[in-house]
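**Q** Structure below; questions to follow.
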Amino acid sequence: MLLGSLGPTRFNVGEIKQLVSFVANHAALARLGTDTGLFSVDPWCDRPPTYAVRNTAKERSVTLCTHDLVQILDNAETNLTPRLREDLRRYWSSEQVRSEYHQRTDDRVEIVFGLEAAHQLLTGCVDDDDFLGHLGARDAGQRVIAQTPIELHSATCVDRSPSGAKLQMAGAPDTLRPGELVTLLMTGEPQCRLGIVRWTQLTPKLDSVAGVQWLPDSCRPCGTAVVAGKRAVTPYFRSFLIPTAPSQGPWELIAPTRILKPGDHLHLITHEGEMNLSVTTVVDMTFHVSRFHTAP
């Protein structure tokens, strides 16, 4: 029931394993049949729990309270990634409703899957030994497509908002997975949009539907190496830097998962020059990419 209340299609396989472990160890903290509870469970059907305020079968339902589960999310022993903690806190604390305007569309889009392919697209370079010299192509996303052998997938954008988009694709491509970084080429827009796939579903016709959360427009490709003093201890790898204004918090770095950790010192090469940063905290981690806060 607890897993059903979260909507498992929002998570990738690695995250679901974390959730199963968390629920198995802490399910006893959830309570059924209390006077108040965020969720309502109908024992006479096989549907997952619904928010109690939306329940249409109150006379035969029981409440499910998740308050005590939320209280232990910050316990270090839970071993949940920061994004999973925040997702559980959000879904198990209050009813989730849309907070922004969503525009229905029927626009054709082209999708590139993966951090490496996105980086290749935006730099115009598929050679891992030469990409550092191509970091100035960030504003030429449309132009470099014809110059790079990158696989494009067709989809339809059926819903857009300031924070993301809902896409529909024919079939169920293996590359469409929660937590994957994607690049979208939108009809009528000169620039690519970068985002993270947050959930996927299959339609009755076995087509795929996915929700993509936009990354900031300031996100740009860079090359990153872990350093010790002035010596690089890793090769330069493809990554994305998200610079922000001082009032908006620390700069962020997106990198392949399992390469960086808090405390690492980095040397970055961007189309604007070189810089040194340190990894401070993990913001988000999926099976495919990780997002970090950094400091000078």
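Quick note: the coordinates plus some simple rules give every number you see, no bench work behind them. This structure is a prediction, so every number in the text was calculated from the model and none was measured. Neighbour counts run over all protein chains shown; Cβ positions are idealised from the backbone, glycine included.
**Q** Place +1 on the Cβ of every Lys and Arg and -1 on the Cβ of every Asp and Glu in the chain, take the dipole about the Cα centre, and give the residue among Phe113, Leu185, Thr81 whose Cα lies farthest towards its positive end.
**A** Of the listed residues, the answer is Thr81.
**Q** So, one more: At 0.36 nm per residue, and after removing the present C-alpha to C-alpha distance, how many nm does the segment from Ser278 to Lys205 gain when stretched out fully?
**A** Values: separation 73, 0.36 × 73 = 26.28 nm, distance 4.75 nm.
Working it through step by step, the gained length comes to 21.5 nm.
**Q** Follow-up. Ordered by packing density, taken as the mean number of other Cβ atoms within 10 Å over each peptide's residues, highest first, how do 199-209, 248-258 rank?
**A** Numbers: 199-209: 13.3, 248-258: 17.0.
Highest mean packing first, the order is 248-258, 199-209.
**Q** Applying a 10 Å radius around every beta-carbon, put 220-233, 173-186 in order of their mean neighbour count, most first. Walk me through the numbers on the way to the answer.
**A** Values: 220-233: 16.4, 173-186: 19.5.
Packing order, densest peptide first, comes out as 173-186, 220-233.
**Q** For Ile259 and Trp44, what does the FRET efficiency come to when R0 = 51 Å and r is the distance between their Cβ atoms, rounded to the nearest 0.05? Don't skip to the end; give the middle numbers.
**A** Details: r = 49 Å, r/R0 = 0.97.
In this case the efficiency is close to 0.55.
**Q** Something else now. Taking square-rooted eigenvalues a ≥ b ≥ c of the alpha carbon gyration tensor, is segment 220-295 rounded, prolate or oblate, where a/c under 1.5 means rounded and, failing that, a/b exceeding b/c means prolate?
**A** Here segment 220-295 falls in the rounded category.
**Q** Follow-up question, since we're still on this one. Sort 108-118, 276-286, 37-47 by the packing proxy (mean of other Cβ within 10 Å over each peptide's residues), most packed first.
**A** 108-118, 276-286, 37-47
**Q** Treating only the Cβ of Lys, Arg, Asp and Glu as charged (+1, +1, -1, -1), what charge dipole size does segment 220-295 show about its Cα centre? Round to the nearest 20 debye. Write down the numbers at each step before the final one.
**A** Values: 7 positive and 5 negative charges, 45 e Å.
Its charge dipole is roughly 220 debye.
**Q** Relative contact order for segment 220-295: what is it in percent, counting Cα pairs under 8 Å that are at least 6 residues apart? All intermediate terms of the calculation are to be shown ahead of the outcome.
**A** Values: 169 pairs, mean separation 21.7, N = 76.
It rounds to 28 percent for segment 220-295.
**Q** Over the chain, what is the mean sequence separation of C-alpha contacts under 8 Å (at least six apart), divided by residue count, expressed as relative contact order in percent? It would help to have the intermediate numbers written out before the result.
**A** Working: 614 pairs, mean separation 42.9, N = 296.
Taking the mean separation of contacting Cα pairs over the length of the chain, I get 15 percent.
**Q** Using alpha-carbon pairs under 8 Å, 6+ residues apart, how would you state the relative contact order of segment 2-93 in percent?
**A** Details: 107 pairs, mean separation 28.2, N = 92.
With pairs under 8 Å counted, the relative contact order is 31 percent.
**Q** Among Ser94, Gly164, Ser61, which residue has its Cα positioned farthest towards the positive end of the charge dipole of the chain, with +1 placed on the Cβ of Lys and Arg, -1 on the Cβ of Asp and Glu, and the dipole taken about the Cα centre?
**A** Ranked along the dipole, the leading option is Ser61.
**Q** I've got another one for you. Which value, in debye to the nearest 20, gives the size of the charge dipole of the chain about its Cα centre, when Lys and Arg are +1 and Asp and Glu are -1 at the Cβ? Provide the component values of the computation, followed by the final result.
**A** On the way: 29 positive and 33 negative charges, 105 e Å.
The dipole of the chain has a size of about 500 debye.
**Q** Using 0.36 nm times the number of residues separating Val227 and Val62, minus their current alpha carbon distance, what extension gain do you get? Present the calculation step by step, with values, prior to reporting the outcome.
**A** Working: separation 165, 0.36 × 165 = 59.40 nm, distance 5.62 nm.
The span from Val227 to Val62 would gain 53.8 nm if fully extended.
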